[in-house]
Amino acid sequence: MSALCGVCFAQTPAPSAHISNIKQLTFGGQNAEAYWSPDGKRLIFQATRKPAECDQMYIMNADGSDQHMVSNGKGRTTCGFFLPDGKHIIYASTHGADAACPKPPDRSKGYAWGVFPGYDIYLATDDGKILKTLTDTPGYDAEATVNYKTKRIVYTSMASGDLDLWTMNIDGSNKKQVTKDIGYDGGADFSPDGKLIAWRGNHPSTPETMARYKELLAEHLVTPMKMELMIADSDGKNPRQITNYGCASFAPAFTNDGKKIVFASNKHNCDGRKFELFMINVDGSGLEQITDFGGFTSFADISPDGKKLVFVSDYQAKERYEFNVFTADWK
């Protein structure tokens, strides 16, 4: 998904016990969802840059050099990730349904994300050659991440008729449905050992919210401002909710020891568009705030060696709706 923020103005960050030596890698435009390669030497991310009219997939070196597009420039892309060999990538794209960018969500419906039915997940080489379409069911298939140990992909799909989590092998085989509760389940991440998954969930609990969810879903929309973090075994067993803020908590990323989760939330003002990074134990205890930029900060990912954190923020943005990729030393 693209960044949640509407109008956010970054301020000088307060000191953090966990990050230092912040470095900005992109400058201008809308850059989002940067994730490390298995060797920690590169990052894959999505960005809207001319001549493209909506998000395309890019790869750059870990120091920000050699930024180049690896998607085909058609449709809209999201959620890129390296495969375990470091030579292949996956990402979701709508280009198979239409070469043009999908129409943005109708804001008269309120603030909503478009879960465009044209999205499918593609396997490609790291220089952009598409090798295979990994999903082929009608409707939305996106938000994929990969576990390098088990070589499984977790992703969000409409294959069941609802927005559920599924897993599959990195070649697209052995697809299994993981969640079944009515509501949106997405943005999942595996623990490093592949035994757990964490994700953002929004499950309507009243007749009114259920009706609203189904009404929006029929128009390929979801509202993202009320989401909680969920965790379960990687097969979906033993699910439990680990936040209860009544806000938008999302983009979970496990720490390398698998004991904690870094995530973004607007928990200090549930109706606001200011998001910071937080860290929590997998049982929901021990909440810590990681950033205090005063704007929008999200999409954290810890490098394979545990020494770096990559994230997206409007910190030091020069224009409205500008989001950049940053790295920092991680402690």
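Every number in this text was worked out from the coordinates using simple rules, so none of it is lab data. Keep in mind that what you see is a predicted model, and the values were worked out from it rather than measured. FYI the Cβ positions are ideal-geometry reconstructions off the backbone, even for glycines, and counts take in every protein chain you see.
Within the chain, what's the longest run with no GluC sites (Glu not before Pro) in a DSSP loop and at most 15 other beta-carbon atoms within 10 Å? Give the range, please. Kindly include the intermediate steps, with their values, before the conclusion.
Details: sites that count: Glu53, Glu219, Glu319.
Maximal segment without exposed cleavage sites: 54-218.
Once both labels are positioned 7 Å from their Cα atoms along Cα-to-Cβ, the gap between Lys87 and Asp39 label points is 1.1 nm. Let me have the relative contact order for segment 181-285, percent, based on Cα pairs under 8 Å that are six or more residues apart. Computed over segment 181-285, the figure is 23 percent.
Find the relative contact order for the chain and round it to a whole percent, using C-alpha pairs within less than 8 Å whose residues are 6+ positions apart.
19 percent
Other residues within the sphere of radius under 10 Å centred on the Cβ of Thr167, judged by their own Cβ, net out at +2 (K and R +1, D and E -1). Radius of gyration (Cα atoms) of the chain, expressed as a multiple of 2.2 N^0.38 Å: 0.90. Based on C-alpha pairs under 8 angstrom that are at least 6 apart in sequence, segment 79-138 has a relative contact order of 32 percent. Taking a Cβ cut-off of under 9 Å around Ile59, the surrounding Lys, Arg, Asp and Glu residues balance to a net charge of -2, with basic ones at +1 and acidic ones at -1. Straight-line cross-link partners of Lys331 among the lysines, defined as a Cα under 21 Å from its Cα and at least 8 positions apart when in the same chain: Lys23, Lys41, Lys259, Lys260, Lys307, Lys308.
Couplings for segment 81-98, taken from phi via the Karplus curve 6.51 cos²θ - 1.76 cosθ + 1.60 with θ = phi - 60°, read 7, 6, 8, x, 7, x, 10, 10, 9, 10, 6, 9, 8, 9, 5, x, 8, 6 Hz in order; Gly and Pro are left as x. May I ask for the distance between the Cα centers of segment 285-308 and segment 73-145, given as a whole number of Å? Using only Cα atoms to place each centre, the spacing works out to 25 Å. Applying both filters, DSSP loop and at most 14 other Cβ atoms within 10 Å, to the trypsin sites (Lys or Arg not before Pro) of segment 174-214 gives Lys180, Lys195.
For Ser160 and Glu288, a Förster radius of 35 Å and the Cβ-Cβ distance give a FRET efficiency of 0.45, rounded to the nearest 0.05. Backbone phi angles across segment 133-146, fed through the Karplus curve with coefficients 6.51, -1.76 and 1.60 (θ = phi - 60°), yield HN-Hα couplings of 8, 8, 10, 9, 7, x, x, 5, 9, 6, 6, 8, 10, 10 Hz in residue order; Gly and Pro are listed as x. The H on the amide N of Gly306, modeled in the peptide plane, is under 5 Å from the matching H of no residue at least 5 residues off or on a different chain.
Under 27 Å of direct C-alpha separation, and excluding same-chain neighbours fewer than eight residues apart, Lys103 reaches these lysines: Lys50, Lys74, Lys129, Lys132, Lys214, Lys226, Lys274, Lys318. 3J(HN,Hα) along segment 53-68: 9, 8, 4, 10, 9, 10, 10, 9, 5, 5, 8, x, 7, 6, 7, 8 Hz, from the Karplus curve 6.51 cos²θ - 1.76 cosθ + 1.60 with θ = phi - 60°, whole Hz, x for Gly and Pro. The calculated pair-distance distribution of segment 119-213 uses every alpha carbon pair, bins of 10 angstrom beginning at 0, and gives 16, 46, 28, 9, 1 percent.
Here's the list of aspartates and glutamates a cross-link from Lys180 could span, going by alpha-carbon distance under 19 Å and ignoring same-chain residues fewer than 8 apart: Asp141, Glu143, Asp162, Asp164, Asp189, Glu215, Glu228, Asp233, Asp235.
Under 5 Å from the amide H of Gly75 lie the amide H atoms of Ala100, Cys101, each residue being 5 or more positions distant or on a separate chain, with H modelled from the backbone and absent for Pro and chain starts.
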